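Everything on this sheet refers to the single structure shown next.
Each value in this text was obtained by applying a stated rule to the coordinates, not by laboratory testing. The structure displayed is predicted, hence computed values, not measured ones. Glycine gets a Cβ as well: all are built from the backbone with ideal geometry, and neighbour counts include every protein chain shown.
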């Protein structure tokens with residue numbers, strides 16, 4: 001049987017209950033929650049890089065949204081807009097080739 005110790009979406013315990021799968025549940029401290037979200041982001045990005053599909057991108061976005069709600073990242077949208085205004089986005093699809 002597979003073992004795990006990770007942050008999961010809020011409805012996963014309900015889904016496991018319906019399937020009769022046993023588990024232990026606890027709530028992360030704020031510090032652990034941040035750490036686990038960052039770890040989850042890495043997992044979800046890796047899955048997106050492998051699959052490259054919309055479902056995996058949606059998972060990445062869900063983790064990013066959860067991170068944005070943390071006090072440490074409260075200004076991230078403001079920073080994103082500032083960078084967009086100063087450096088632009090990626091709509092132009094520009095690829096540069098050169099040497100560092």
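Scale the Cα Rg of segment 1-48 by the rule-of-thumb value 2.2 N^0.38 Å and send over the ratio, two decimals. Please report the intermediate quantities before stating the final value.
Details: Rg = 12.1 Å, N = 48, 2.2 N^0.38 = 9.6 Å.
Compared with the compact-globule rule of thumb, segment 1-48 sits at 1.27.
Can you compute the modelled spin-label distance between residue 39 and residue 85, with each label point 7 Å from Cα toward Cβ, in nm?
With each label point 7 Å from Cα toward Cβ, the separation is 3.8 nm.
Could you rank the peptides 68-77, 24-33 by their average count of other C-beta atoms within 10 Å per residue, with the highest value first?
68-77, 24-33
Shape verdict for segment 12-77, please, from the Cα gyration tensor: rounded (a/c under 1.5), prolate (a/b greater than b/c) or oblate.
Since a/c reaches 1.5 but b/c is at least a/b, the shape of segment 12-77 is classed as oblate.
Report the FRET efficiency, 1/(1 + (r/R0)^6), for residue 74 and residue 28, where r is their Cβ-Cβ distance and R0 is 25 Å, rounded to 0.05.
0.85
What does segment 43-95 give for Rg and for Dmax, in Å, if only its C-alpha atoms count?
13.5, 35
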